[in-house]
Each structure stands twice: as structure tokens, then as C-alpha cells.
Amino acid sequence: MKHFIVTRFNYKKNYPHLAERLGLFFQYTLPSIKAQTNQNFEWIILCDYPPVAVIQATYLEPGWYCGKALKGKYIDYVQDAAKDEDLVLTTRFDNDDMLMPTFVEDIQKEATKPGLYETKGYYLDLRDGSFFADTLFSKIITSPFITLAEKPSNKMKTAYHCPHAKMWEKFPLTIINKRDWVQVIHETNWVMNRTKDYGSRGKECAIPQFVMKLFNG
């Protein structure tokens, strides 16, 4: 098995919220990757612009890859790197969110055959500090944290095959009954502009210690 976590960090030079995105990345995204109980994965970060230098200097670890040179060709890289494996996993992971420490461990335990794998998750709303257990994503609306398991080939789809909410239509879906991710809601999150009330898509609950630690910086 070969597991790739793929994070897009593609912004134009005039992107007005780059500093905020980098701040969220270093406070939540990167620490959650470093905290994984299973480090048997490769993290691909797709960058087109100077964040690549900042990210490389900060997170450079054996087995992690900052993919400026890959640009849109990361699938070619994945196909080549995993050509001798029996199964290839790709996970979507946004640059302003976080994974709970057992995310990779839990996915790899379950993803033993081709298909789509999904864990449950949470929302952390930085605007008011509220925290919710997600109730939106389901068998008919898959989340931005999906993992696709495939046999290696020169026609791999990866977890970015189509919009995440529709991936369940393309592949058999297994939902893991554990909350393993946190979607971070903030002022520069484009989803926030469409959905003001996250209480309508989640149930308020206590904040896990790991999340509280990152929230408090």
C-alpha cells in the first residue's frame, strides 16, 4: 500500500489572503500532519508561487514532498511512485483544515480494497470559537477529506477526480464511524460566504484536547 495526502496551495501572486492562509496552515494543517500516529504516507503540496519556499523551509521531513515542479501533473508522479504497490490511496486535504491524529491510521486499516473511504468529522468556527460535530456529509454528500483507494495504473483517478460532494456517485463508499477531521471556518474561507450558520450542519459539542491545543496556539 502507498498513501498520498494531496494538498492544494495554488494561489495567484495577487491573492489578497495569502498571509492568513499561511497562518492557518502553520497553526492547524501542518501540526496535524506531524501528529499522525501512522507516518506511513507521503504528503504532496501543490504550489505555484512563493509559499513553496516558506513551506519547504518549515516542514521538510523525509518522505514529504512539496510539489512546485509537479503543478498539475501530480497524478503522473503518484502513478510512477506507486507502480509497484498493490493498492494506492490518495486523500484530499485542504491547506486550512486539520486531521485528527489517528486519521491516517484509521483510513489505512479500512482501505484494504479499491473504493472510496470517508470518516466523520467536526467544524471549528474561528469567528466565535464554536465547535460542531458534522451532520452534513453523508452517503450522498461526501466531504473534502475523502480517500480513494485504487489499483496502480496509468489511468488513476485520485481523490480529486471530481468535486468532493459527488465522489460517492463514482465509487463504492465506505463510511468509517469515527470523527477524524476538522474543517476550519474563518473569514477568508469561501464556503463561509455561502453558509453563515454552521449550526445548521452540525451539532455543538466539546472540543477535543488535540484541537484545543492547536486553537490556543
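The values are calculated or read from the model by the stated rules, or taken from the named source; none is laboratory data. Because the structure is a prediction, the values reported are computed rather than measured. Heads up, the Cβs are rebuilt from the backbone with ideal geometry, glycines too, and the neighbour counts pull from every protein chain shown.
I need the strands (runs of 3 or more DSSP E) fully contained in region 115-194, keeping only those with at least 3 residues that are at pLDDT 95 or above. Let's see the steps before the verdict.
Numbers: elements: 115-125, 130-134, 147-150, 173-185.
So the answer is 115-125, 147-150, 173-185.
So that you can scan it fast, the table gives a plain yes or no per residue for (1) basic (Lys, Arg); (2) more than 18 Å from the chain's Cα centre (by Cα); (3) at pLDDT below 85:
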residue: Val6; (1), (2), (3): no, no, no
residue: Thr29; (1), (2), (3): no, no, no
residue: Ser32; (1), (2), (3): no, no, no
residue: Gln39; (1), (2), (3): no, no, no
residue: Gly67; (1), (2), (3): no, no, yes
residue: Val78; (1), (2), (3): no, no, no
residue: Lys83; (1), (2), (3): yes, yes, no
residue: Leu87; (1), (2), (3): no, yes, no
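Please count how many residues of region 18-30 are touching a residue at least 12 places away in the same chain (Cβ under 8 Å) and surrounded by fewer than 16 Cβ atoms within 10 Å (Cβ to Cβ).
First pass over region 18-30, keeping only residues touching a residue at least 12 places away in the same chain (Cβ under 8 Å): 18, 20-22, 24-30.
Next cut, surrounded by fewer than 16 Cβ atoms within 10 Å (Cβ to Cβ) only: 20, 26.
Count: 2.
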